[in-house]
Amino acid sequence: MDELKELVEKFERAFQDRLVSVILYGSGAGEDPHAKFSDLNVLCVLKEITPRELADAELILRWWRERNHPLPTLMSEEEVHNSADCFPIEFRDMKDRRKVLYGPDLIAEVKVDGKFYRAQVEHELRAKLFRLRQKGARVLSDPVALMNLCLESVSTFCVLGRHALIAAGIEARTERRAVVHQLSRTLKMDVTPFETLLDVREDKPGIDIGNPGELFARYLQCVRRMVEFVDGLQEQ
């Protein structure tokens, strides 16, 4: 992709010999047939990160954000090697799906300890469920805003659903719809809200979303069921 190539070139010019590696990870680095709807998550590894590096990155990050991409994650080489125990979900995503755009593949050397993995999956699910409720309460009478809220969050919950399956010892798929289908079978729940939101994100023709308020309510039920599933894993 031209934008990724340009991003790497900007990093090279800005940091020169301080740049260690640039890695694309997550759905944007996978084999998702709907890749154009995937986020471009980028890890930029530097020898060290001081105010100088932040100043040099400012214009690049602003340029990237103006193109509606998530802000790149800046890490030092030391932080890459020593942060996996604090961020097992993120590093698991990097290990499962990544493309090296510049420099060595530092993620290949990282070990993800599953000790705190389940707890972080539950924490992230609960925190994002609480936030979804809060934001939903503010726009419940606005069908357009409510629908946008659901569309903006569905990708995140698909990712967390995948990690919920992994935490249960299930070999989870990577493509969003495949994950949703696995959740349906494993949790024995109706995943129609997820499928509808993915259809809208992918501009499928003839979609009937029905009442956005009712869709939101059923969407919340799905997420709550995912939380209950992960919470129950600690008793096994």
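Of 155, 76, all but one fail to be in the same structural domain as residue 226 (by TED's automatic domain parsing) and of a type in the set (Gly, Ala, Ser); the exception is 155.
What about residue 214, is it over 25 Å from residue 116 (Cβ atoms) and either exposed (fewer than 15 other Cβ atoms within 10 Å of the Cβ) or in the same structural domain as residue 120 (by TED's automatic domain parsing) (or both)? Answer is yes for this residue.
Residue-level analysis places residue 98 among those that are within 29 Å of residue 203 (Cβ to Cβ), at pLDDT 90 or above and touching a Phe, Trp or Tyr at 6+ places or on another chain (Cβ under 9 Å).
Each residue in the range 91-123 was checked for being surrounded by fewer than 20 Cβ atoms within 10 Å (Cβ to Cβ) and acidic (Asp, Glu), and 4 of them qualify.
Scanning the range 162-188 for residues that are over 18 Å from residue 221 (Cβ atoms) and touching a residue at least 60 places away in the same chain (Cβ under 8 Å) returns 163, 166, 167, 168, 174, 175, 176.
Condition check for residue 50 on (1) surrounded by 17 or more Cβ atoms within 10 Å (Cβ to Cβ); (2) of a type in the set (S, T, N, Q); (3) more than 29 Å from residue 197 (Cα to Cα): one failure, at (1). Taking the range 1-115 as the region of interest, the strands (runs of 3 or more DSSP E) fully inside it that hold 2 or more residues being polar (S, T, N, Q) are 73-76. How many residues are crowded, with 17+ Cβ neighbours inside 10 Å and either under 13 Å from the mean Cα position of the chain (by Cα) or polar (S, T, N, Q) (or both) if we restrict to the range 74-86? Total satisfying the criteria: 1.
All of 231, 199, 208 fail the test of being within 21 Å of residue 39 (Cβ to Cβ) and either surrounded by fewer than 20 Cβ atoms within 10 Å (Cβ to Cβ) or outside the structural domain of residue 129 (by TED's automatic domain parsing) (or both), apart from 199.
Candidates 126, 185, 133, 173: the one that is assigned to a loop (DSSP other than H, G, I, E, B) and either among the basic types (Lys, Arg) or modelled with pLDDT under 95 (or both) is 173. Could you tell me whether the range 112-123 includes any residue that is over 13 Å from the mean Cα position of the chain (by Cα) and over 24 Å from residue 168 (Cα atoms)? No, the range 112-123 contains no residue that is over 13 Å from the mean Cα position of the chain (by Cα) and over 24 Å from residue 168 (Cα atoms). For the structure I just gave you, tell me whether residue 159 is hydrophobic (A, V, I, L, M, F, W, C), within 21 Å of residue 96 (Cα to Cα) and surrounded by 14 or more Cβ atoms within 10 Å (Cβ to Cβ). Yes. Is it true that some residue in the range 142-152 is assigned to a helix (DSSP H, G or I), under 19 Å from the mean Cα position of the chain (by Cα) and crowded, with 16+ Cβ neighbours inside 10 Å? Yes: one or more hits. Is at least one residue of the range 179-186 surrounded by fewer than 16 Cβ atoms within 10 Å (Cβ to Cβ) and either in contact with a strand residue (DSSP E or B) (Cβ under 9 Å, 6 or more places away or on another chain) or over 23 Å from residue 93 (Cβ atoms) (or both)? So far as the range 179-186 goes, no, none of its residues is surrounded by fewer than 16 Cβ atoms within 10 Å (Cβ to Cβ) and either in contact with a strand residue (DSSP E or B) (Cβ under 9 Å, 6 or more places away or on another chain) or over 23 Å from residue 93 (Cβ atoms) (or both).
The values are calculated or read from the model by the stated rules, or taken from the named source; none is laboratory data. Given the structure is predicted, the values throughout are model-derived calculations rather than measurements. As a convention, Cβ positions derive from the backbone with ideal geometry for all residues, glycine included, and neighbour counts pool all protein chains shown.
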